[in-house]
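Here's the structure, in structure tokens; my notes come after.
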Amino acid sequence: MTALVRYLLADVLRTQRWLPPLLLFGAVLAMLNSSDAGPPLSAYAGTCVFVYPVAVWLTIVIATAEDPVRRTVTVATAGWWRVHAAVATLSALAALFVALLATLAPVLTQPRPYPLSVIAIGFAALLVCGLTGVGVGVLCARPVVTQHGWSVLLAVALVFAAFLFGQVPPIGNVLGALGHDRGIPTALTTSAVCALALTIGGTWLARTLGPRRA
């Protein structure tokens, strides 16, 4: 599995399609922290709003980095389960990287104190939102959605839907808990379970549909 993840990483880096989401993420992160971002938990809530769609974007990039011919060869060598598990794993690592950057940025740039407990909560919330993005990205990418246009439309729709239904997990209740500074452990636990279920379910669906659409 490690070798397969490394192969997929090399292929993603070769395409350079990861540059737009990361550059946009860096620009927005710098803008959010260029002045006083407010209380630490509220600042992390604002960053969570952006980490989620960035993770969706990166996951779609990772899932579609190989062209259909190369993906056929990879699947024939490693098998459907290993390939899609590797895609989900690499996407989760990308979400972890983004969450770590988003966690450290205000600590290094903001004048307000960031206690270790607040940093841990912020990192957990950012990671949950990133992992949710991985699950949504897997559902919007090949082989679940095979047309790029439909993939983009579905991803945008699911990103906006996460913010339209109030404090509903896995995104809404995390933002609500951080904004009101109450019920944070429960919200994070519930949302983490939902994010994991979404990622596992999306990976299973991709594995199921992959052989039929190959």
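When you scan region 150-205, how many residues do you find that are of a type in the set (G, A, S), open to solvent by 40 Å² or more (accessible area, probe 1.4 Å) and not in a loop (DSSP other than H, G, I, E, B)?
Here is the first cut: in region 150-205, the residues of a type in the set (G, A, S) are 151, 155, 157, 161-162, 166, 172, 176-177, 179, 183, 187, 191-192, 195, 197, 201-202.
Now narrow it down to the ones that are open to solvent by 40 Å² or more (accessible area, probe 1.4 Å): 157, 166, 179, 183, 197.
Checking the rest, the ones that are also not in a loop (DSSP other than H, G, I, E, B) come to 157, 179, 197.
Qualifying residue count, region 150-205: 3.
Close Cβ contacts (under 9 Å, 6 or more residues apart or on different chains) running from residues in region 139-151 that are under 15 Å from V87 (Cβ atoms) to residues that are assigned to a loop (DSSP other than H, G, I, E, B) and among the β-branched types (V, I, T) comprise L139/V145; A141/T64; R142/T64; S151/T64; S151/V144; S151/V145.
Looking at region 95-117, can you tell me whether even one residue there is within 22 Å of T146 (Cα to Cα), modelled with pLDDT under 90 and open to solvent by 70 Å² or more (accessible area, probe 1.4 Å)?
Taking region 95-117 first, the residues within 22 Å of T146 (Cα to Cα) are none.
No, because not a single residue in region 95-117 is within 22 Å of T146 (Cα to Cα), modelled with pLDDT under 90 and open to solvent by 70 Å² or more (accessible area, probe 1.4 Å).
Considering L100, L108, L178, the condition of being under 14 Å from the mean Cα position of the chain (by Cα) and within 30 Å of S34 (Cβ to Cβ) is satisfied by L100 alone. The set of residues in region 42-54 being touching a Pro at 6+ places or on another chain (Cβ under 9 Å) and among the hydrophobic types (A, V, I, L, M, F, W, C) consists of A43, V54.
Going residue by residue through region 68-85, is there one that turns out to be farther than 16 Å from R142 by Cα and of a type in the set (V, I, T)? Checking region 68-85: at least one residue is farther than 16 Å from R142 by Cα and of a type in the set (V, I, T).
Give the residues of region 1-40 that are farther than 18 Å from A88 by Cα, more than 20 Å from the chain's Cα centre (by Cα) and among the aliphatic types (A, V, I, L, M), sorted by residue number. Once the filter is applied, which keeps residues that are farther than 18 Å from A88 by Cα, more than 20 Å from the chain's Cα centre (by Cα) and among the aliphatic types (A, V, I, L, M), region 1-40 yields M31, A37. Taking every residue in region 17-39 that is surrounded by 12 or more Cβ atoms within 10 Å (Cβ to Cβ) and pairing it with any residue that is outside any helix (DSSP H, G or I), at least 6 positions away or on another chain, the pairs with Cβ-Cβ distances below 6 Å are A37/Q110.
Can you tell me which residues in region 124-149 are part of a helix (DSSP H, G or I) and surrounded by fewer than 16 Cβ atoms within 10 Å (Cβ to Cβ)?
So the first thing to find is which residues in region 124-149 are part of a helix (DSSP H, G or I), and the list is 124-140, 148-149.
Across region 124-149, the qualifying residues are H148, G149.
The values are calculated or read from the model by the stated rules, or taken from the named source; none is laboratory data. Remember, it's a predicted structure, so these values are computed and weren't measured experimentally. Virtual Cβ from ideal backbone geometry, glycine too; neighbours counted across all protein chains shown. Note: accessible area is taken over every heavy atom of the protein model, side chains too, but ligands, DNA and RNA are not part of it. Shrake-Rupley method; radii C 1.70, N 1.55, O 1.52, S 1.80 Å.
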